[in-house]
Every structure is written in structure tokens, then in C-alpha cells.
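Coordinate-derived values only; no laboratory data. Since the model is a prediction, treat every value here as computed from it, not as a measurement. Neighbour counts are summed over all protein chains in view; Cβ atoms, including those assigned to glycine, are modelled from backbone coordinates with ideal geometry.
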2 protein chains.
Amino acid sequence: MSGRNANGVTISDVAAAAGVSRQTVSNVLNAPARVAPETAERVRQAIEMLGYRPNRAAQNLRERASRCIGLKIAAPIGVSNFLDRFLYALTSAAGAAGYHLLLFAPTAVDEELAVYEDLIRTGTVDGFVLADVSARDRRLPWFAERRIPFVCFGRPWGQENGPYTWVDVDGAYGIEQAVDHLVTRRHQRIAYLGWPEGTGFGDERRKGWLRAMERHDLPADDLIGVCAEGVAVAAEAAERLMRSPTPPTAFVCGSDTHAVGARLAGGLDADGRPRVEVVGFDDSPAATLISPRMSSIRQPLDEVAHRVVGLLKARVQGTDSPPEGVMLRPELVARELRRPTSDP
Amino acid sequence: MSGRNANGVTISDVAAAAGVSRQTVSNVLNAPARVAPETAERVRQAIEMLGYRPNRAAQNLRERASRCIGLKIAAPIGVSNFLDRFLYALTSAAGAAGYHLLLFAPTAVDEELAVYEDLIRTGTVDGFVLADVSARDRRLPWFAERRIPFVCFGRPWGQENGPYTWVDVDGAYGIEQAVDHLVTRRHQRIAYLGWPEGTGFGDERRKGWLRAMERHDLPADDLIGVCAEGVAVAAEAAERLMRSPTPPTAFVCGSDTHAVGARLAGGLDADGRPRVEVVGFDDSPAATLISPRMSSIRQPLDEVAHRVVGLLKARVQGTDSPPEGVMLRPELVARELRRPTSDP
DNA sequence: GGTGGCAATTTGAACGATCAAATCGCCACG
DNA sequence: CGTGGCGATTTGATCGTTCAAATTGCCACC
């Protein structure tokens, strides 16, 4: 008996209204096969009439699961709204799988690992998505040791062979596609502009460029520029390459930010057209800040999110799903379709 | 009895270890004054030793509260990472107040309002933050009718006098500050470039510009440009204004995107310096995409988030806290400190 | 007509916490 | 020496759900 609470229609209220027991109502919702059709119909009407919705806390308590996925969100840096887009994709994918995304921010006082542990131990979340895995990330072995379910977005660089589950996008493949594209557009001096050595994904993208250049038998030696992510520094780095006696006619870049810098450094010709063709990485809306819009390599974020959620769900529910790495392919979004101006 | 579960140390386990009853352990955590000091110490040691953390679902069930704040996240559009920054501020503020942020995405099949109702009825969240309040937003009266706690970020335009609680930033004030700033830098033809009539915040910002221009006794008639948010269209709109016989020497803009467009339209003089000075709105990192970096009006996001969470908490807990509107002031971040080139 | 089997349904017992009320021990006071 | 009062602690009940086991009703079969 109840229903006296503000907004609380309980399963017992429904049971009373339908003239059955609580468990029958529960069965209608969770195991319809066990219930006689006409009974089920009567119960469904009572549910509808009373506007019954099962209490989440009670379910969570009973089922020992929160159906929440934890995600740490850090102070945003940089111009990209990559996180925005990934967050939306992840939230949608989680929703489709019956989960919610629960955000938390690291606090100044607490030890970061303690925050993760707390969320698991209190049952606030069932597992984590790690979207900011760094090289030799100490969270991974720590989580594994405690059997805390998690899935990485991004390969765990330096511990790829560890027993970790991840989803990543093959950046090297994307860059190779970009080089191939530029080659078909008759470019031969194709530079690479990206992060300095040390970031896993950056190194990989640069390797993809080098591989493609060798495959096409093109020179690569004096065509590498590196700098931190930032338009101004990227422009400087690109300018240094442009001062060469045989300057690049195109840039393949580690990020859209690098690409914007390269485009600015290249400048415009007499007709007001960009002197260098660039391909960025991420296809962020920021890429539209320059005109004409540049080409960029798009990561399949919806697919990434979907796979991440699926794998995490399996690891949360499944007793012992084996670690698994999933590699997805990015796609080149080609936007500069005019002929290159020169062909040295 | 228990503790047999994988990672579940319960309050009874702690009680047994410390040689007291469950309730005493509960009191140590929730009402320490009721417990004798030496008993409390013993219990605390047991908690520490066993690594006890209270189960969130059990607390939620008993206390009829989830300590979660719901936030709808939509597909990102535009270049700004404003949501990123607000999300981080909101997550931090929520965490400091003992809450978590729970994200959800609207699904294609469900009615939007039904999703909100579901989250409340199931007790998944205690209330909502609405960061995307539109004019005559139908959610507001609907929530109020159902006594669903919520706080808006942004005035509920068109229903400011409704019984709603909100936090907003005084955009008109910020714009006026920008105009004052430009006037002290000897500008006289200061244009406004922003959204077409119809967005509450946009209209308000334009009014702020007009008010400041009148206050300074400056002409304003032919200095208004409107367009959607987008660099290319903004540049076009700004160009139209520049073609006037007496073109503007500065732009005050409704967004950073508009401002980037205005700067591009203005172009550079012989010394490579921007011909027009611009002030954007939001101080997004995208503002750094152009060089020299432009001035912009910064919203106090941390303060906004803090107030939003505080008000929501009061409305969730308090029986009947009266509706309240909080207006905060933005701050002009002035970046172009060189003298303007001309003074017509 | 008694019995076994089966489908449909109900009852009892958890899940882990907190509130309210009851109990305990101890001291002071008349 | 009995009683009242008070601080410290314990017991019982409850939040709303689901699992496991028990019960009911019905039909078929020997």
C-alpha cells in the first residue's frame, strides 16, 4: 500500500489496480511470456492509467547495476569541439543501449584514481570510458587489477599488448588516403605538419605519411614540420618549410589546427586562391573557418561510440569477456576540387 | 552476514568488524555528534580497513533522491566549443555540491517531453538544467505544472515574468562595455554585426549596442549588419557595411563567429595590420584562430554554473523556494591594444 | 477419483541504506 | 533506594524492486 507519496506510483499500486500481485506486474514488464495474455493486457492498462514507471534506485539496488557509464571531463583546451561531438555520439549510443552517461570532473583535492574507485565502489557507475588515454597510462593496469570495467577510445600506446579493450581509428590509414588523394591531384611535394614526437596518435599519423610517400616514390626528407597544436605556431612551422628552394605544394596535417596554420602560411595567389592545398584531421567545424573550406579526415564518431558502448556493456555484464581491440577506418572528406595551380 | 559479493562491503560488514550495530556506523557518517568519540574512532578504522563506501542505490532508494542533474545534449552545430566549456564548469560545480551530471540525448522515436518525464518519474535525476531555452519554450510551463525542478541558463525570453528560475549573463551590458572601450580608442563608426531579429539574446545584445551609441551621441543608422552564425555569411554581411562611403572602423559582434567574419572582411592594411577592430562575444578559443587575437566578451561560466547548481539544489530540496532570476555581468577581454590606424 | 504435470500466479526474502522508536547503562536527585 | 532523565546504542520497519520457491487451479491419464 502506498501511492500517498508526491510522485511515486509503485509496482504495488499497479498490482492493486489490476487485481494481481506485484510479481505479476514485474513479469509483465520483464518476462511477458510467463503471464497469460489477458492478465498482461489488464496489467498494461493499469500501468498506463496510473502512469507507472519503475523506480530506478530500487532496480539498481536489486540488480546491483546503475546502468550508468562514467566519463571524466577535463578543462577544455584548444579550438576543436571534438569532445562536443564525441560526447553527443557517446550519449546517443549509450541511450540506445539502455545506459546513461554520467560526467565527473577531477577535483583539486582528491587523488584522481580515488575518484574512479569511489564511483565504482558506491555503485554510481558500472564502468568507464577513457577518452584521454596517454602513453603508459597508469589507470589501465590499476583498473585491470581491480577488475573495473572500462573501454578506451584510442589505443593504449605503449601497452597495446596489455589486456585492454579499446576502439580506435586508423589515423595512418587516413593520412595515406590523403596522400594518395593529393598525388592523384598531381602534387609531388607533399609536406607533413603535426605534433612533435611523443604523442602516440601523432607519431602514427606521421608514419602513415612517410609510408605513403615511399610507396609513391616521392621525396620526404625535408618535408616534415612539427609544432604544438596552435594556429600561430603551425603557421610559423609551415612558413619555414615554404622557404625551401623547392617548397611543398600541399600539406597533410595532424590536426585541423595545424592545417589552418599551413593554409595561412601558404597565402593566396594573384587570383585569391590558396597557394597550397591542405588536408586536416578531424573534420571539425573549425575547418570551415577558412575559405575555401579545406579537406579533412573524418573519424567515424558514431561508429566509435557505438562500439565503445557495446564493448563496455559486454565487459560490465559478461563474466569474463576477453580483451579486444577494434580498429576503424577514417574517411577523407575532399573539398578542394579545383585543379592545383602549378605542377613543378 | 554478507561481504561475500565481489566488491560489496556493506554497512553491516563494517558494523560487525567494529563490534557495533549498522545504525551506529550510519551515525558515524551522517550524524557524528550522536556517537561517542572512541566508538566513532573504532568505526572509522573499520571503514578504512574494509574500504567501505555506502551503496548509492540503497541511499537513493531510501532518500528518494538520485543526486543527479539531468542535461540534454544535442547534436553540436557551429564552431564554438561553448558547450564544452559550460559542461566542464557545470560538472565541476555539480561535483562540489554533491551532485553528478547525467547526460541524455533526445531520441528520434520518443516525444521529447516524455523523456524528461521518464527521467523524473523513475527517479533517475532530481531535476534539470535547461541550457537551450528558446522563446516561448513549452517545456517551462509543462515542468512547472508537474513541479519538476529545473533551472534555466539563459532568460526565458517571452516569459520572463513567468514563475521560472534562471541564471543569465547581461549581454547588453557586455556590449555596452565593448562600445565604451572602442570609443576610448577613438572609434566613432562602430558597427554591430549579429543574428537577425528573433533570438532573445541576439536582440538584447543589439539593443545594448544601440543604447551605448546613443549615449555617446554616435550615428548608428547605417551600421547594423545581420546574418546567421557562420564565418562566410558574416564576412559577406560585414563587406556590405564596408562598402559604405563612410565605412565602420570597428565592429561589435554578437558572437565570435560573426567577429571572425568581420575581421576577414575588413582585411589588412599595407603594414599587415587589420583594418577594422573587432570585439567578439564568448571569448571562445576559436577567437585565437585569427591573428592578432581579437577582443571578446567573456561570460563568467564558472559563476553561472555555480549559481545554476545552487538554485537547482534549493529547488530540489526546498519545499517551495520562490522563483528567482539571477543576472551576472560579463567581462570585456581587450586584446588589441595598438592605436587604431585612422580616425575619420 | 486420486495423482502427476504444467502453466499461471503468489508469497517470502533479499538488495543496503536510513528514520523512528525502543532499549540500555549510568548518574543525580529526592 | 526508587525514579527520572539523558546520552549512547540497538532494533524494527521501510524505501521499491526482482529472484527463488511455494501455491493454486486445471487438465489428462491410469
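Sites listed here are GluC sites (Glu not before Pro) in the stretch A:111-182 whose DSSP assignment is loop and whose Cβ has at most 11 other Cβ atoms within 10 Å: A:E111.
If contacts are Cα pairs under 8 angstrom and at least 6 residues apart, what is the relative contact order of chain B in percent? Spell out each step's value before the answer.
On the way: 589 pairs, mean separation 54.6, N = 344.
After rounding, I find 16 percent.
Simple point charges give the picture: +1 on the Cβ of Lys and Arg, -1 on the Cβ of Asp and Glu, and for the protein assembly as shown a dipole about the Cα centre of about 1360 debye. First check a/c for the stretch A:58-105, with a ≥ b ≥ c the square roots of the eigenvalues of its C-alpha gyration tensor; if it is under 1.5, answer rounded, and if not, answer prolate when a/b is larger than b/c or oblate otherwise. Verdict is oblate for the stretch A:58-105. For chain A, adding -39500 (n - 2.57) for each run of n ≥ 4 DSSP H residues and dividing by the number of residues yields -12500 deg cm²/dmol at 222 nm. Look at the dipole of the stretch A:248-319 built from charges on Cβ: of A:A259, A:V279, A:P300, the Cα furthest out on the positive end belongs to A:P300. Look at A:V28, A:V231, B:V316 and count the other Cβ atoms within 10 Å of each Cβ; fewest to most, that gives B:V316, A:V28, A:V231. Between the listed residues B:A131, A:G8, B:L332, the Cα displaced farthest toward the positive end of the dipole of the protein assembly as shown, a dipole computed from Cβ unit charges relative to the Cα centre, is found at A:G8.
I'd like the FRET efficiency for A:R34 and A:S134, computed as 1/(1 + (r/R0)^6) with the beta carbon distance as r and R0 of 56 Å, rounded to 0.05. Show your work: numbers first, answer last.
Working: r = 50 Å, r/R0 = 0.89.
Efficiency, rounded to the nearest 0.05: 0.65.
Both radii were evaluated on the Cα set of the protein assembly as shown; the Rg over Rh quotient, with Rh as the Kirkwood radius, amounts to 1.02.
Both radii were evaluated on the Cα set of chain A; the Rg over Rh quotient, with Rh as the Kirkwood radius, amounts to 1.13.
Each of A:L61, A:F150, B:G225 was scored by the projection of its Cα onto the charge dipole of the protein assembly as shown, and the greatest displacement toward the positive side belongs to A:L61; charges sit on the C-beta of Lys, Arg, Asp and Glu.
Nearest 0.05, what FRET efficiency do A:A74 and B:A96 give at R0 = 22 Å with Cβ-Cβ as r? After rounding, the FRET efficiency stands at 0.85.
Kirkwood radius and radius of gyration were both taken over the C-alpha atoms of the stretch B:30-137, and their ratio Rg/Rh is 1.13. Distant-in-sequence amide contacts of A:H100, defined by a placed amide H-H separation under 5 Å and a gap of 5 or more residues or a different chain, comprise A:C68, A:I69. Of all DSSP-defined beta bridges confined to chain A, some 10% are antiparallel rather than parallel. The residues B:E229, B:E331, when put in order of fewest to most other Cβ atoms within 10 Å, stand as B:E331, B:E229.
In this simple spin-label model, placing a label point 7 Å from the Cα along the Cα-to-Cβ direction at both B:Q317 and B:Q159 gives a separation of 2.8 nm. Label-point distances for B:M49 to the equivalent site in the other copies, using a point 7 angstrom along Cα→C-beta, read 5.6 nm when ranked shortest first. Simple point charges give the picture: +1 on the Cβ of Lys and Arg, -1 on the Cβ of Asp and Glu, and for the stretch B:198-281 a dipole about the Cα centre of about 60 debye. Counting only Cβ charges, +1 for Lys and Arg and -1 for Asp and Glu, the dipole size of the stretch A:82-204 around its Cα centre is about 300 debye. Taking other C-beta atoms within 10 angstrom as a stand-in for reagent exposure, B:S295, B:S26 fall in the order B:S26, B:S295, fewest first.
Using a/c under 1.5 as the rounded threshold, could you call the stretch A:235-283 rounded, prolate or oblate? The axes a ≥ b ≥ c are square roots of the C-alpha gyration tensor eigenvalues, and prolate needs a/b larger than b/c, oblate otherwise.
Working: a/c = 1.95, a/b = 1.29, b/c = 1.51.
Verdict is oblate for the stretch A:235-283.
Each semi-axis of the equivalent ellipsoid for the stretch A:90-214 is √(5λ) with λ an eigenvalue of the Cα gyration tensor; in descending order they amount to 36, 17, 13 Å. Partner shielding of B:46-56 amounts to 3, given as the average count of beta-carbon atoms from other chains within 10 Å of each residue beta-carbon. Here the chain A residue lying nearest the rotation axis onto B, judged by its C-beta and given with the distance in whole angstrom, is A:N81, 2. For the stretch A:194-282, what class follows from the C-alpha gyration tensor (a ≥ b ≥ c being the square roots of its eigenvalues): rounded when a/c is under 1.5, otherwise prolate if a/b is larger than b/c, else oblate? Oblate, since a/c reaches 1.5 and b/c is not below a/b. When both bridge partners sit in the protein assembly as shown, DSSP labels roughly 15% of those beta bridges antiparallel.
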